[in-house]
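The values are calculated or read from the model by the stated rules, or taken from the named source; none is laboratory data. Please read these numbers as outputs of a predicted model, since none were measured by experiment. As a convention, Cβ positions derive from the backbone with ideal geometry for all residues, glycine included, and neighbour counts pool all protein chains shown. Remember, those area values only see protein heavy atoms, side chains included, never the ligands or the DNA or RNA. Shrake-Rupley method; radii C 1.70, N 1.55, O 1.52, S 1.80 Å.
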Amino acid sequence: MATPEQHDVKLDFLAAKSAFQQQKSLTLRQRLDEIRRLKETILARREDIIERVMAEVGKCRTDALIAEIIGAVDWLQWLEKYATGILSDKRVPTPITLLGKKSRLFHEPYGVVLIICPWNYPFHNAITGIAAAFVAGNAVVYKPSEHSPCRGLIEDILACSPALSAAVKVVYGDGIVGSQLIEQGPGKIFFTGSCATGERIMAQASRLLIPVELELGGKDPMLVFADAVLERPVMGALWGAFTNAGQSCSAVERLLVQNEIYDKFLAKLIAQAEKLVIRSQDPHGDVDIGRMTVAFQRDKVTAHVSDALSRGATLAFGKLPSEDDLLVSPIILTDVTPDMLVWREETFGPVLPIMRFADEAEAVKLANDSEYGLCASVFTADRERALRVARALEVGGVSINNVNMSEGNPGLPFGGYKKSGFGKLRGPEGLLGFTRSKAVLIDSGGSKVEANWYPYTAGKYERFLRFLTALYTPKFGRIVRIAWHGLRLEAFSQRPR
Ligand code: NAD
């Protein structure tokens, strides 16, 4: 017998399918008008959104403004500017072997796209995926995390546009509901979350042959070379590791500092960490570090730090989280070794483990020694080295002399290598990810047949061989030979039988 959720899930999907049929009449221009309306609504209602997200996940005000609001509207603005060029039909060159024909490429929607999100950026993650899917012509079933559903918020904001409201169905629930949604057979699944869940989703989707994109966890390294001006990477490391209380997939989770500057760097890092304002000091206004969102993630921080300390790491700053508080003070660990959990597994909390390196080769080796490959940052005054290292790092995004910033440009694709997943969010690739390509070849029709159609004869075979040789064997008079053999082949199309 169907559970109440199963019943709802089926109806939700039917509603989304019918919304997809209805929105087919909207042109891309009309969809982009709705996106502009959405952007204006988010800007006008930003304080409501910030308050709501702060209350639900505990992040501080500036984190909410930067990531949830600015990140979302930047993407909407980018869509307004570039989506038409990316999604419009394309003329594709047709080779000489297909003389007289024309080629076109259409970017078409999947139908209903299922978007499943985690709890760390409940507004930004929802709006970014929903907007891209809608602009590409899809209807959306969106499932937020059960840990930060922000119940009603997305529907409330989308209500600025009847077309968007109709196209997007928000379904609340946990992983079981997520799995039931997959079972309804969406055209595509866009999943953001942990590696473990990503594996389960891919297994289920493979049984149903549903394409998936997986935006998974990270263990991002930051490399600081001795020639960098220290103040910038010191402040960059603090922000990169502790923004959103470290609950960011592309947080700095491994800091690598070159031997020559290590001691000086660490002293400055700790001096600056001491100045950070955490929520307990200013419960109502803005602070630097908010609380963690969920107890199980705080417990993971405790487990990773305890493991590191038991294996010889030094607590250079901060203290172990207390069991009854989600407010976790930033933690800096030194004397870290690669076998420690805090260096190998995603912590997803305000913890910054540090290791030293001797030279570029060692830095790259240590950075790449990870199952993950989301993003990385490199600080150096040597531009050539920065680009060389950026190429050598096995990650999907690199910020040079900055941190978490390759994802700041909505025109750049965001997404990982290795166990950090595949597929892209944002950028042209991210938008096209919500489409499937349709290849169209146009011939003029008429009474002719193709030379490669039946009947096959020894003479036709020989002619094709000569044409092939003329095409690909560089010789004097190549064009004349191609034309000659091409015309002889063409003669076959004039004589059907
Ligand atoms: P999670 O994997 O536990 O849950 C994510 C979502 O999946 C939730 O909505 C959950 O209900 C749903 N879900 C769980 N089991 C499911 C199943 N079997 N079928 C369908 N849906 C299911 O992740 P989380 O704890 O919410 O988020 C933290 C993780 O997300 C971290 O690993 C973080 O790095 C990652 N993350 C990645 C990105 C990125 O863009 N790469 C961005 C943000 C967060």
message: From the mean inverse distance of alpha carbon pairs (Kirkwood) and the Cα radius of gyration, derive Rg over Rh for the chain.
response: 1.08
- line: A student applying the Cα gyration tensor rule (rounded when a/c is under 1.5; otherwise prolate if a/b is larger than b/c, oblate if not) would label the range 188-291 oblate
- prompt: In Å, what Rg and Dmax follow from the Cα atoms of the range 144-197?
  reply: 12.6, 37
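Classify the range 122-225: rounded, prolate or oblate, from the alpha-carbon gyration tensor (a ≥ b ≥ c, eigenvalue square roots; a/c under 1.5 rounded; otherwise prolate if a/b is larger than b/c)?
Numbers: a/c = 1.70, a/b = 1.22, b/c = 1.39.
Since a/c reaches 1.5 but b/c is at least a/b, the shape of the range 122-225 is classed as oblate.
Greater than 29 Å separation of Cα atoms is the criterion. Which listed pairs, 143/419; 10/300; 39/143, meet it? Show your work: numbers first, answer last.
Working: 143/419 23 Å; 10/300 36 Å; 39/143 21 Å.
Among 143/419; 10/300; 39/143, the Cα-Cα distance tops 29 Å for 10/300.
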query: In whole percent, how big is the carbon plus sulfur part of the accessible area of the chain, probe 1.4 Å, protein atoms only?
result: 57
message: Which of rounded, prolate or oblate describes the range 233-331 when judged by the alpha-carbon gyration tensor and an a/c cut-off of 1.5?
response: oblate
- request: Any chance you could check the Cα centroid distance between the range 396-443 and the range 17-87 for me, in angstrom?
  value: 18
- prompt: Where both residues lie in the chain, what percent of DSSP beta bridges are antiparallel, nearest 5?
  reply: 35
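Taking the alpha carbon gyration tensor of the range 220-409, what are the square roots of 5 times its eigenvalues, largest first, to the nearest whole Å?
Three semi-axes, in Å: 26, 17, 16.
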task: Please list, in chain and number order, the residues 5+ apart from residue 356 or on another chain whose amide H is under 5 Å from its amide H, with Hs placed from the backbone.
output: 257
- request: Could I get the Rg over Rh figure for the range 448-493? Both from C-alpha atoms, Rh via Kirkwood, rounded to two places.
  value: 1.00
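Provide the net charge surrounding residue 441, with neighbours chosen by a C-beta distance below 9 Å and charges set as Lys +1, Arg +1, Asp -1, Glu -1. Write out the running numbers ahead of the final one.
Details: positive: 101, 102, 104; negative: 443.
Overall, the nearby charge balance is +2.
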field: Distance (nanometres) between label positions extended 7 Å along Cα→Cβ at residue 176 and residue 478
entry: 6.6
- prompt: Can you work out ³J(HN,Hα) from phi for every residue in the range 152-166, in order, using Karplus 6.51 cos²θ - 1.76 cosθ + 1.60 and θ = phi - 60°, giving whole Hz and x for Gly and Pro?
  reply: x, 5, 5, 4, 4, 6, 5, 5, 5, 10, x, 5, 5, 4, 5
- prompt: Roughly how many nanometres apart are two label points built 7 Å out from the Cα toward the Cβ at residue 454 and residue 429?
  reply: 4.5
task: Mind giving me the FRET efficiency for residue 204 and residue 146? R0 is 25 Å, r the Cβ-Cβ distance, nearest 0.05 is fine.
output: 0.90
Cross-link table 275/424; 81/268; 59/219; 188/448; 90/460, entries beyond 32 Å C-alpha to C-alpha: 275/424; 81/268; 188/448; 90/460
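At 1.4 Å probe radius, can you tell me the per residue accessible area of the chain in Å²?
Accessible surface, normalised per residue, equals 46 Å².
Which net charge results for the neighbourhood of residue 466, defined as the other residues with beta-carbon distances under 15 angstrom from its beta-carbon, given Lys and Arg at +1 and Asp and Glu at -1? Could the numbers behind the result be given before it?
Details: positive: 460, 463, 475, 478, 481, 488; negative: 462, 490.
The answer is +4.
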